[in-house]
Amino acid sequence: MSYETILTEKRGAVTLITLNRPQALNALSSVVLDELIEAFAAFEADDSQRCAVLTGSGEKAFAAGADIKEMSDKQAADFYLEDFFSKWTSHLVKAVRKPWIAAVNGFALGGGCELAMMADFIIASDQAKFGQPEIKLGVAPGMGGSQRLTRAVGKSKAMEMCLTGRMMGAEEAERSNLVARVVPHDELMTEAMKTATTIASMPPMAAMVNKEMVNSAFETGLDQGVALERRLFQILTASEDKAEGMAAFIEKREGKWQGR
Ligand code: HXC
């Protein structure tokens, strides 16, 4: 499949999706959104694909935000009537049950930071920079940043970042739990692909269930979350991959997964 603003590639069981507007620092236009929706839907539908990695092309940016040039002439009614930004969450978060990683290679600002936070986790280059600078444009985050950043780094730091628009470097992002891991810039894609390949080697239904469980921690109270975890665990014990996984352990061999 060929796209105008992104690149996609299957590497074994891992789909690599690359934002590809380096001249605009991979700004997230509506074409980018439509193409990402299509690429993630194709990943989700393809049984041979078990984990995805999203990154940005060029040396400077993962994505420097929603496309300011595209938004500058829009009126409030346009944003409201289109329910602008709603598809990001519905199609890239809610509709994608398989795991995916954001490999952040540079600026992740505004919508770029919000897109990275939609991933199941972030691996960052030591040159990555995160920020929610929307306030400087007279607006505020619109793709979940005020909620996901606050849940990741806590109120104080999220509030400071949203109110000042300052950027957070990779080391601070790791210390603040925004990213899972920081790696040297040159090793980013190797490390991200290695991690994705490890995830892709796991029993696929168990990977989906693990993702659903961890995500439920952000949606529910503790009692409800623990109850959901227990039920999902119980359902998994009925899977063919549970029988295979335990037999493989006892027989000291690698498991062969059916994905059910
Ligand atoms: C459109 C963008 C862009 C963006 C950069 N570019 N960010 N185009 N939308 N979000 C374009 C520039 O216009 C320029 O194109 C080219 O990319 C290179 O950018 P420079 O600014 O020349 O690069 P540099 O000097 O290195 O500065 C890098 C930067 C800066 C610090 C990242 O580009 C920047 O501050 N960008 C905007 C970041 C931002 O505010 N993001 C939040 C967007 S709002 P030309 O053609 O001029 O060479 C958002 C949600 C808002 O995400 C919700 C509102 C409803």
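The values are calculated or read from the model by the stated rules, or taken from the named source; none is laboratory data. Worth saying up front: this structure is predicted, and the values here are computed from it rather than measured. So basically every Cβ, Gly included, is an ideal-geometry build from the backbone, and we count neighbours across all protein chains shown. Remember, those area values only see protein heavy atoms, side chains included, never the ligands or the DNA or RNA. Shrake-Rupley method; radii C 1.70, N 1.55, O 1.52, S 1.80 Å.
Numbers below:
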read-out: Positive-end residue, the chain charge dipole about Cα centroid, Cβ charges, pick of Leu236, Gln258, Pro184; value: Leu236
read-out: Label-point gap, in nm, between Asp83 and Asp46 - each point 7 angstrom along Cα→Cβ; value: 2.9
read-out: Lys, Arg +1 and Asp, Glu -1 on Cβ, resulting dipole of the range 6-201 about Cα centre, debye, nearest 20; value: 480
read-out: Residue pairs, from the table Lys10/Lys98; Lys69/Lys136; Lys94/Lys136; Lys98/Lys129; Lys60/Lys129; Lys10/Lys242, whose Cα atoms sit over 18 Å apart; value: Lys94/Lys136; Lys98/Lys129; Lys10/Lys242
read-out: The range 1-151 - convex hull of alpha carbons, volume per residue in Å³; value: 112
read-out: Largest-first ordering by accessible area, 1.4 Å probe, given options Tyr80, Tyr3; value: Tyr80, Tyr3
read-out: Residue-normalised accessible area of the range 6-201, expressed per residue, 1.4 Å probe, Å²; value: 46
read-out: The range 128-222: translational diffusion in µm²/s, Stokes-Einstein, Kirkwood Rh over Cα pairs, 25 °C, 0.890 mPa s; value: 159
read-out: Cα-derived Rg to Rh of the range 103-160, Kirkwood definition; value: 0.94
read-out: Kyte-Doolittle at least -1.0, axis length at least 15 Å by Cα - qualifying DSSP helices, the chain; value: 30-45, 188-200, 204-216, 222-236, 240-250
read-out: Alpha-carbon radius of gyration plus Dmax, which is the widest Cα pair, for the range 204-251 in Å; value: 12.4, 40
read-out: Cα extents of the chain along the three principal axes, largest first (Å); value: 62, 43, 38
read-out: Cα-based radius of gyration of the range 180-260 once divided by 2.2 N^0.38 Å, which approximates compact folds; value: 1.35
read-out: Top positive-direction residue, dipole computed over the range 6-129 with Cβ charges, set Gly58, Asn20, Ala124; value: Ala124
read-out: The chain - percent of accessible surface contributed by carbon and sulfur, probe 1.4 Å; value: 56
read-out: Relative contact order (%) - the range 173-260, alpha-carbon pairs under 8 angstrom, separation at least six; value: 25
read-out: Theoretical gain in end-to-end length, Lys194 to Thr164 [0.36 nm per residue, Cα-Cα removed]; value: 7.2 nm
read-out: Those GluC sites (Glu not before Pro) in the range 8-103 that DSSP places in a loop and that have at most 12 other beta carbons within 10 Å; value: Glu59, Glu82
